[in-house]
1. Taking Cα pairs under 8 Å and at least six residues apart, what relative contact order does the range 84-209 come out at, in percent?
2. Please state the shape class of the range 468-564: rounded when a/c is under 1.5, otherwise prolate if a/b exceeds b/c and oblate if not, all from the C-alpha gyration tensor.
3. On full extension of the chain, what length is gained from S131 through K238, given 0.36 nm per residue of separation minus the C-alpha to C-alpha distance?
4. Ordering H519, H327 by accessible area with a probe of 1.4 Å, largest first, what comes out?
5. Using a 7 Å offset from the Cα along the Cα-to-Cβ direction at both L968 and D691, what is the distance between the two label points in nm, to one decimal?
6. Could you tell me which of H688, L616, C606 has its Cα farthest along the dipole of the range 585-702 towards the positive end, charges placed at Cβ (Lys, Arg +1; Asp, Glu -1), taken about the Cα centre?
7. Nearest 0.05, what FRET efficiency do L979 and K421 give at R0 = 51 Å with Cβ-Cβ as r?
8. For the range 634-730, what does the relative contact order come out to in percent, with C-alpha contacts under 8 Å and a separation of six or more?
Amino acid sequence: MAPLHLKGFDSSPHLCVVMLMIASVWMAWTGPVHGDTRVVLNRVDGDHALDSSDGFSPGVTDGESVEAGAIVEHLSRLRRAATSQGKVSLLSSSSFVLKGDATHNQAMVHWTGENSSVILILTKYYHADSSKVLESSLWRSTDYGTTYTKLNLMPGTTIVVTSFYICPTNKKKVVLVSSSINERDQMLFISADEGSSFQRQPVSFTPDTLLFHPKEEDKLLAYCKEGRLYVSTDLGRKWILLQERVTKDKIFWSVSGVDVDPDLVHMEMQDSSGGYLYVTCLIQNCSDKMVTAQFLGKIDHNSLLVQDDYIFVKVTTGNRTKYYVSHRRNEFVQMRFPKYSLPKGLHIVSTDENQVFVALQEWYQTDTYNLYQSDPQGVYYSVVLEDVRSTKQPEESVLVDILEVRGIKGVFLANQKIDGKVRTLITYNKGRDWEHLAPPIKDMNGRPVSCKAPDCHLHLHLRWADNPYVSGTVHTKDSAPGLIMGAGNLGSKLVENKEEMYVTADCGKTWRQVFEEEHHILYLDHGGVIVAIKDTSIPLKILKFSIDEGQTWSVHNFTSTSVFVDGLLSEPGDETLVMTVFGHISYRSDWELVKVDFRQSFSRQCTEEDYDSWTLTDLQGDKCIMGQERSFRRRRDGAFCVKGKSYTSALTAKPCRCTERDFNCDYGFERSQVLKADGSRCFADFWHDPDAPPDTCHLGQSYESSTGYRKMISNVCEGGVNKQQSAKQYTCPLLPPRGLQVGIKGQMLAVAPGDDITFIVHQEQGDTSSTRYQVDLGDGVRAIYQNLTVTDEPIQHRYEAPGVYRVAVKAENMAGHATATMYIQVIAPLQEVHLEVGPIAGRNQQVNLTATVLPVESNLTVFYWWIGDSLQPKLSLENSILTRFPETGDVSVTVQASNGRSMVQDSRTVRVYDHFQVIPLSFSSNLDGFNPNIPEWREDIGQVVTKMLTKITGIPEESLVTMVKPGLPTTANLYVMPLESKPVTRSVFVDKRIPAIIQAFSDNNVSFVVRGGVKVLVMLADPNAGFHGAAGGPGVWALAIVLLISLLASGSFILYKFKRKLPGSRNVYAQMHNEKEQEMTSPVNHSEDTQHIIQGEEFIDDDLDSQTLGNHSGVVLSINSRELHSYLTS
């Protein structure tokens, strides 16, 4: 698997060629369209001159002139096995020049297939300014490239061939796309005999790309730049229009073994409103009425990906992006990453072995991605490696430094970037464990290297080649397991301009340096021959090759005249020993093709006596990898024979007993990066409840809690340790509905009169099988549904008259109920907003409602505030208003923000009380680094604090609410609800919950663990300030004054004097009018016990009349000592 060079979900690399490559032509090789070895080759722009700064290899001269004596002089380092050199003395080369194509700057080459000697080459002159192909030539060889014949498709007529396509199941079938010189006539040329003959077929459209069926050789699709899609079932002779407004490169044939009908086509298409849909149809009838929408709602443009067992789509609403997956064509489910990862970008690394491997860029990352693995359904993901380097490429694509080592499943290379340093890591068990690459013991000259772990390692560049004809910086092959060649350096980090070449034959356990500069690599005969050509801008005439897995190297003059090498190609199939070097003598010269044939160097086929075996081990020497010991064949040193077509590399595989290394962290769990002693232990994230029933759990069913571990997929270990054994079995309870949401298909909250509307009801938690849903559409239409969110039964409606309609849904079962409300404005399209309001408010107290609109640059916004069940909202041009709640109880508050083109809404429920208490809280500063400043995160943190307090103090969870405030540093308010039953005594009552809460915080007992095992401490914001209360009736301030007075004199006497002398009234009460913190100052010192009494909730004689002091912003009572003395003695 090459390093990811992806846009959206596309997992095929979009490689940039050297100059002026058209994307459509390049996709003819790499994309899912063709599946062959035909590529586009671009000639290097400009004339080349010898540049001494490029230098030559100290061991071998790569320059224009190579004398035999000079070669012998420098072979002491490259030729260490004299016997092997004698065996390859019959190596032969032959050159052929494509005369007349000197102006052509692009080439597409196809070696038709295994056991075939036919090569097709299309050379083209691509004009960059007009983005058109102006000239072309088609050449054909029938002798492995020794000679070529120029084909004349239409004698007497000049045509331009832009590309050709090869059937993946029958490579003899070839289709050329061409046109007349003036582009007036479009035509195809069809061959069923490897290009020996062609049949001309005029077409009425201009094909941009063709896509062969993966199994049926005569069926293919044709996409046009206008977005039209055509189908042919007879190899392009007759065409039928399938659909219009189709997205390019988002067209997929059915997947064998997954899709039932082989004639099914998956596609992304644009609907009449401009949105994009994922649809399927059969090629026999794909009209608008026969197209089936497979995903309910619109998807992001260019986001559809159909790959193996999985289908992926992306949906962005407001500033939030969600990714959905369908496994084996089941219904789409949202992909579940850690709750606060908040993805900014996602790329599919692989989907083989019944698992999805993805690179995810989280909200805090800019130039790195995190790697995640899924469960078999591709739904739940666990992190396996953080901070993998990424690089932005042209056209908004991204290159992620992750490479799958071909030949041995589960082996990956990745470049991790931490503190600006990039280091290469390797895993043998698909991400469970990562290790640095071990440096070689000696350099290429046999001298010991000074690089020692842990300060020095081997690091490799994981780049894909710009030129599609050459290898990337790391080269592996399925037929050569364990053989890896890569460019990099030794040191504490990867250095961009150092590209020494290293090789390993045991899958990364031991390495050897072979060259001082980067080379392009080609494997022949299952890795039995390795060919290397220097990556340089100067002309070459030699190549290097090894027949002992890179231990020794030989040199061959493949041409008498030095050429600029543009690429390498070998015959499809792993048994080949013939290769072709493409190049040109100068920029204005014809293309030169050099055939290099190794067949004569090997006189016989290998037998079993010519092989020995090697066992795969990781860097710690462990042979049990992915639950088994695996051994592979290797040709013995000195055995000069051809492995051939029948060669198989795998030898034996023996299962191992399971150990802890065969288990990875389950969803919602992570290994601690801080607690090194517990490095192998999986900790639950603070937002995850391992014992909670899954969303699919219905009454009568059972489920297992998570132990925090899951066995790695494709791991075949047996017996031994079972980290999942302690999982508890639970019976699915009847859960009340929670998280009920009602929306409209298309995410619109405003429609035009007469528009057809489809309502969508979604329930995040709770049982759905026995839930009844009552729907009120606001215009007199009511309906009752059963299992609405399970069956996805659509609620379709049409509002004829303009106006505002309140749509309410109530979900109810025996365990409880939930309601959801939305307001429909029948006028125009609308969008999203977040409502900030405290969860608790005092009756008749002033409350601030604030709406935060995203994106923040939105302007000319009108805000609609719906309070309670009123259909008459308050309107404002500001994003906040002040209001009061006259009655106690739960009050629903909804805000809608409209800018004329879009509208969004958010709702909150506020609990209104006569009395409650507020305690300001703070957190240890390490929490700020994990704060994404979003509402959901703040809500979860608040719930964690509340649950911890309940556990420590025994106070019921229903009596406490913790509200985390927006912004940094992270702070919160703890709301303490009043007791349901108040004392009947007329004496002062002290709420004993408050001292217990303060004691819990004072003893540092309230803490929780966030990502990576970081411990967060919750504290009082000001331990000396206590807390403040809020009240809608008689408050605590008068009580505080009474208590202060009682400390200075006899209680009864002072109280009597106080009542008697108080002018105008028998007593004083302080009433607060908002939630702001109140202040009382006094020079009197209070004892600790007295302060506790002042801070408690108090009740005094009912016959005391109330009197309000202060103003709407709060009350500040200041009584100095002289005033207090005169007050008491009067």
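1. Details: 227 pairs, mean separation 19.1, N = 126.
Value for the range 84-209: 15 percent.
2. Values: a/c = 1.86, a/b = 1.20, b/c = 1.55.
In terms of gyration-tensor shape, oblate.
3. On the way: separation 107, 0.36 × 107 = 38.52 nm, distance 2.86 nm.
Stretched fully, the S131-K238 segment lengthens by 35.7 nm.
4. Details: H519 5, H327 35 Å².
So, going from the largest accessible area down, we get H327, H519.
5. Here the answer is 3.6 nm between the modelled labels.
6. Among H688, L616, C606, the one farthest towards the positive end of the dipole of the range 585-702 is C606.
7. Numbers: r = 58 Å, r/R0 = 1.14.
With R0 = 51 Å, the Cβ-Cβ based efficiency is 0.30.
8. Numbers: 120 pairs, mean separation 31.0, N = 97.
With pairs under 8 Å counted, the relative contact order is 32 percent.
The values are calculated or read from the model by the stated rules, or taken from the named source; none is laboratory data. As the structure is a prediction and not an experimental result, all values here were calculated from the model. As a convention, Cβ positions derive from the backbone with ideal geometry for all residues, glycine included, and neighbour counts pool all protein chains shown. In case anyone asks, the SASA skips ligands and DNA or RNA and just uses the protein heavy atoms, side chains included. Shrake-Rupley method; radii C 1.70, N 1.55, O 1.52, S 1.80 Å.
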